[in-house]
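Right, one structure below, let's go through it.
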């Protein structure tokens, strides 16, 4: 036995559904904005020594080429230091 809904009741139910959908969409939008702002603030609070700075484009090729020429070598730990250390890094120390 199906009940017939009056036009005003159908309109009210439709309006409630629309309001509910718009409310969910609005809350989702606010959550996305809040997360975005939080990530921007967190990124702005990174100390300067931990940030990666990009060199000017004209210096990029020179830097990449010279990176492989750094005086640095690795050797296996054979008792020079504590047991959990597997490798040591050796290089020239600037004066």
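The values are calculated or read from the model by the stated rules, or taken from the named source; none is laboratory data. The structure displayed is predicted, hence computed values, not measured ones. Neighbour counts run over all protein chains shown; Cβ positions are idealised from the backbone, glycine included.
Side notes on the structure shown:
- Check on residue 25, assigned to a helix (DSSP H, G or I) and at pLDDT below 80: no
- Residue-level analysis places residue 18 outside the set of residues that are at pLDDT below 80 and surrounded by 10 or more Cβ atoms within 10 Å (Cβ to Cβ).
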